[in-house]
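The values are calculated or read from the model by the stated rules, or taken from the named source; none is laboratory data. Being a predicted model, the structure only gives us computed values, none of them experimental. In this analysis, Cβ positions are derived from the backbone assuming ideal geometry, glycine residues included, and neighbour counts consider all displayed protein chains. Side chains included, ligands, DNA and RNA excluded: accessible areas come from the protein's heavy atoms. Shrake-Rupley method; radii C 1.70, N 1.55, O 1.52, S 1.80 Å.
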Amino acid sequence: MGRTEQLVLRLDQIGRHDVHRAGGKAANLSELTRGGLPVPDGFCLTTDAFQRFMDGIDGTGLAAELERGDPSDADGRASRAALLRARIEAAPIPDEIEAALLGAWQGILHGAPCAVRSSATVEDLGAASSAGQYDSILHVRERDRLLHAVRQCWASLFSDRAVVYRARNGLGDQRVCMAVFVQRMVAAEAAGVLFTLNPLAAHTDDILIEASYGLGEAVVSGRVTPDRLVVSRTPLRVTERTVSSKSLEITLDERGGVREQAVAPERAAAAALPDEAAERLARFALTAEHLLGGPQDLEWALAGGQVFVLQSRPITRSAPPTASDDRQVWTNMNVGEILPDVVSPLTWSIIQRTVQPLFARLLAAFGLDLEQTPLLGLMAGRVYFNLNTVIAAVRALPFGHRMDVTSALGGLHGDLERSGALAAIEQNLPTVAWSWAAILRRLPVAVGWWALRRSASERRLRLFTERLAERRRQNLGMLGDAALVAELDLCIGDLWNDLAPIASDALVGTSYVNALDTICARWFPGEPIANQLLTGMGGMASAEAGLDLWRLAVAAREHTDVEHALRAGGDFGATRARLTTTQLGRAFLSRWDAFMTRHGHHARGEIELMNARWSDEPDFVLEQVRSYLSNAHGKDPLALHAAQARARVERCAALRARLRTPITRMLFDSLLRRAQRGIVFRENAKNEFVRLSAHERQVALELGRRRAARGALEHSDDVFFLSLDELRDAAAGRAADLRPSVRDRRAELERHRSMRPPAVIVGRYEPARVEPQSLDAHTDRLMGLGVSPGVVCGSARVILRSDGGERVLPGEILVAPFTDPGWTPYFQLAAGLVTDLGGTLSHGSIIAREYGLPAVVNVAHATHIIRTGDQLQIDGTRGEVRIFRQEPAEP
């Protein structure tokens, strides 16, 4: 082997300037080793090996094609990158490279367990950190696993997040290479990260250390809230320490890889890193800062009393600004389920006129003044909550200062701790006034208000439904422009006047779910009771949508001519034309039209006015019916739903019989009845507000058609790129040509669609500064929230959008980012549900319980880790998802 090509380099053979051959990570560690820092021994599989491997699979040509692609074609880039990753992961490593790799492992590390880390030529450099974008595989013990880990690191060079990052920073895909650093695995007793400039404080000369038990992955991934230590530089000593409750740790699995385990309560509350070790670590960090020429972000581990430096990269971000805007913390908690996409200007203008003032009005009744603080904002065109405002409101309440923030927010995003969001919030809490005088003045009225409204909830919702149905029967084409704008104002008035009382009724109703869960946990300890008592209840409009869709398929199967007409293919227009030729076909169309009247307002992201409804684009519903017809002899959702209802009744009776006193039985009956009614009422209330949104969409489209006919807009759906005020001006003749504004806003929306903002954002969202989270794509176990009991095994079907034309086959487990009523048709054939987002009262959780599907939600990044075809076992009681990988297809 000549000097021009060297497959393996020992750590002591790498120079600081060998980035082109060893990558930034290995080059930095070699410099720290020369400087005397305790870096675990290792070796580097160089970029020469990577380049030879890529040439052998024509990967270089694919990388060039990836770089030449249209930057605006995000789907095309993702498809080409996925093809390249699949080819890398499936191809065998050439014999000479394999021999060099295994020889170095045995000769340098003596075959010891190792960590296999990506070391890209643009990683851990001052100009482009790329932190967290490429894969690391921990505790590799076996030959085949080592070979697989190397391919995984190579493939991660072309992950979606890495490709996007390079495109935004002007780094070409074919000019970037990947080395792989194989490092002796440290069995860490404690680990974490260190910043030589404290990113959470104005006094940035301090050193910040975050520490937790076990491997540092628990801290880096946000799985725990770490201990936090601040170390001054002169003198070098710990000046602040915050000890958190560290409920879990990630440790080495004796079979290889890592596992997660609980931490005993008494140990969880103790400090993970002694002061002496923290000060020693800080001294190493200052040496690293000197050796590498600038502030550093280190990953470290403590084992057997010795501190090890595992990685070091430059801090590319400057000290955080102190301006108020840069200390606001934004999150998409909850809102990410109902508004998952970029919002249109028209939708946003309606939200601004309803949601923010509505919350201000509700809280004002209890003496809280939020008029001067923002509750909602847009990040890359998506709606986010302002956590500073939310937490300030909580803190203003009596005893609110004692609340644990992350618990109060439902265990919100590991990103909170990792991004420094909590510290930013503490430093910029808005002033929120709490008025006892207002409380005492309004308390009698409030008590009476709640008592009266609780008894009239269903009647109020029924009246709202009847008024809306009457207004939807209007012939919009007969209304003038001013009348159409007035109709939109009436819709907003309905939201303002009816949303508050009905939403309050729904809130009270669903609060009984928590009360039921509390008493069941106390009276029937160790049994997953509450979720079992909220299944198969019936009367829930969103659940009925799926059952009614199945009934359409059942009706079609009863008549061969109708079934053939549906199966003959073509869009709904062609299918309708075939059905109208027979009496039975026309009867089926009557059932179809009745279905659309009742459920046609549903869509993916139903709050967004721009999104077409089922009634607008019936082909989606038609394809679902066809799918049901093709799988007619398997699962029968109607029979299963009825069985679920019977099982619930029997379970309720059995539990009630176990209660010993009339008082406990009466309390159980009362809470159960109110919890069941509360969930049904909440879902039905949401259904009617979505129906109102669909009506707003039709009104807006009619205005858009008229503006397009007059030349003020190019297309009728351009209307969604106008605000309410602009629509009002247009109707009054005060705006002529709106096309330039629409073109600019369309372009902005498309730019925002190409972005992937994180769940938590501190300050302003700057895409180039976002460092995507590194995921363990080969983990075989994910944890979430069990919301519908039962254990089921099946093949995964990963679907990212409910409007993408994909189907769930019988017995498959649906894996989705979230679910709203637009996803309901998929539930009929699915055997279970896994979602990235969600909570106990999310739509998917409620419908899964209603249908008796085991479900685990709030499984962060499930759709990125699980692949279609993987075999899953999901436990809807424990909240566990086990993954049994599908072997990659041969290239």
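Values as computed for the structure displayed
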read-out	value
Gly448 being modelled with pLDDT of 85 or more, over 39 Å from the mean Cα position of the chain (by Cα) and open to solvent by less than 90 Å² (accessible area, probe 1.4 Å)	no
Any hit, the stretch 528-538, residues being without any contact (Cβ under 8 Å) to a residue 12 or more places away in the chain and either assigned to a loop (DSSP other than H, G, I, E, B) or of a type in the set (Asp, Glu) (or both)	no
Test: residue in the stretch 637-650 that is open to solvent by less than 50 Å² (accessible area, probe 1.4 Å), closer than 26 Å to Arg691 by Cα, at pLDDT below 90 and of a type in the set (D, E, K, R)	no
Val881 vs. criteria modelled with pLDDT of 85 or more and within 20 Å of Leu533 (Cα to Cα)	no
Where Arg557 falls short, out of the listed (1) in contact with a Ser or Thr (Cβ under 7 Å, 6 or more places away or on another chain); (2) in contact (Cβ under 8 Å) with a residue 60 or more places away in the chain	(1)
Identity of the residue in the stretch 723-751, assigned to a helix (DSSP H, G or I) and open to solvent by less than 40 Å² (accessible area, probe 1.4 Å), that ends up nearest to Met610 (Cα to Cα)	Leu749
Tally, over the stretch 238-256, of residues that are crowded, with 18+ Cβ neighbours inside 10 Å and at pLDDT 90 or above	5
Test result for Asp73, modelled with pLDDT under 90, more than 34 Å from the chain's Cα centre (by Cα) and open to solvent by 50 Å² or more (accessible area, probe 1.4 Å)	no
Sole residue being open to solvent by less than 10 Å² (accessible area, probe 1.4 Å), under 25 Å from Ala285 (Cβ atoms) and modelled with pLDDT of 90 or more, chosen from Leu37, Leu45, Leu29	Leu29
Output for the stretch 201-233, where each listed residue is at pLDDT 80 or above, not in a strand (DSSP E or B) and not charged (D, E, K, R)	Leu215, Gly216, Ala218, Val219, Pro226
Given (1) assigned to a helix (DSSP H, G or I); (2) open to solvent by less than 10 Å² (accessible area, probe 1.4 Å); (3) at pLDDT 85 or above, number of the condition Ile137 does not satisfy	(1)
When residues of the stretch 782-841 are limited to those that are touching a strand residue (DSSP E or B) at 6+ places or on another chain (Cβ under 7 Å) and among the polar types (S, T, N, Q), the one farthest from His601 (Cα to Cα)	Ser795
Candidate set from the stretch 385-394 (those that are crowded, with 18+ Cβ neighbours inside 10 Å and outside any strand (DSSP E or B)); member that is modelled with the lowest pLDDT	Ala393
Filter result for the condition that a residue is open to solvent by 10 Å² or more (accessible area, probe 1.4 Å) and either aliphatic (A, V, I, L, M) or at pLDDT 85 or above (or both), over Asp870, Asp875	Asp875
Some residue of the stretch 599-608 being within 23 Å of Gly822 (Cα to Cα) and either more than 32 Å from the chain's Cα centre (by Cα) or part of a helix (DSSP H, G or I) (or both)	yes
Members of the stretch 262-303 that are open to solvent by 40 Å² or more (accessible area, probe 1.4 Å), in contact (Cβ under 8 Å) with a residue 40 or more places away in the chain and closer than 30 Å to Arg145 by Cβ	none
Conditions (1) over 33 Å from the mean Cα position of the chain (by Cα); (2) under 30 Å from Ser845 (Cα atoms); (3) hydroxyl-bearing (Ser, Thr, Tyr): number failed by Thr661	(2)
So Thr840, is it over 19 Å from Arg867 (Cα atoms), among the hydroxyl-bearing types (Ser, Thr, Tyr) and in contact (Cβ under 8 Å) with a residue 60 or more places away in the chain	yes
Every residue from the stretch 662-686 that is among the β-branched types (Val, Ile, Thr), open to solvent by less than 60 Å² (accessible area, probe 1.4 Å) and more than 19 Å from Glu850 (Cβ to Cβ)	Thr664
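To keep it simple, each residue is scored yes or no on (1) at pLDDT below 75; (2) in contact with a helix residue (DSSP H, G or I) (Cβ under 7 Å, 6 or more places away or on another chain); (3) of a type outside the set (Lys, Arg); (4) more than 29 Å from Arg674 (Cα to Cα).
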{"position": "Arg454", "(1), (2), (3), (4)": "yes, yes, no, no"}
{"position": "Gly480", "(1), (2), (3), (4)": "no, no, yes, yes"}
{"position": "Ala483", "(1), (2), (3), (4)": "no, no, yes, yes"}
{"position": "Ala486", "(1), (2), (3), (4)": "no, no, yes, yes"}
{"position": "Leu495", "(1), (2), (3), (4)": "yes, yes, yes, no"}
{"position": "Pro501", "(1), (2), (3), (4)": "yes, yes, yes, no"}
{"position": "Pro528", "(1), (2), (3), (4)": "yes, no, yes, no"}
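Let's see how each residue does on (1) touching a residue at least 40 places away in the same chain (Cβ under 8 Å); (2) among the charged types (D, E, K, R); (3) farther than 30 Å from Glu544 by Cα:
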| residue | (1), (2), (3) |
| --- | --- |
| Phe689 | yes, no, no |
| Ala694 | yes, no, no |
| Gln698 | yes, no, no |
| Leu701 | no, no, no |
| Ala708 | no, no, yes |
| Glu714 | no, yes, yes |
| Ser723 | yes, no, yes |
| Ala747 | no, no, yes |
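Matching residues to (1) of a type in the set (Asp, Glu); (2) open to solvent by less than 20 Å² (accessible area, probe 1.4 Å); (3) part of a helix (DSSP H, G or I); (4) in contact with a Pro (Cβ under 9 Å, 6 or more places away or on another chain):
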position	(1), (2), (3), (4)
Cys793	no, no, no, no
Ala796	no, yes, no, no
Leu800	no, no, no, yes
Gly804	no, no, no, no
Arg807	no, no, no, no
Gly811	no, no, no, no
Gly822	no, yes, yes, no
Phe827	no, yes, yes, yes
Ala830	no, yes, no, yes
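Here is a yes/no grid of residues against (1) modelled with pLDDT under 65; (2) polar (S, T, N, Q); (3) in a strand (DSSP E or B); (4) touching a strand residue (DSSP E or B) at 6+ places or on another chain (Cβ under 8 Å):
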| site | (1), (2), (3), (4) |
| --- | --- |
| Pro321 | yes, no, no, no |
| Trp330 | no, no, yes, yes |
| Met333 | no, no, no, yes |
| Asp341 | no, no, no, yes |
| Thr347 | no, yes, no, no |
| Gln352 | no, yes, no, yes |
| Pro357 | no, no, no, no |
| Gly377 | no, no, yes, yes |
| Val383 | no, no, yes, yes |
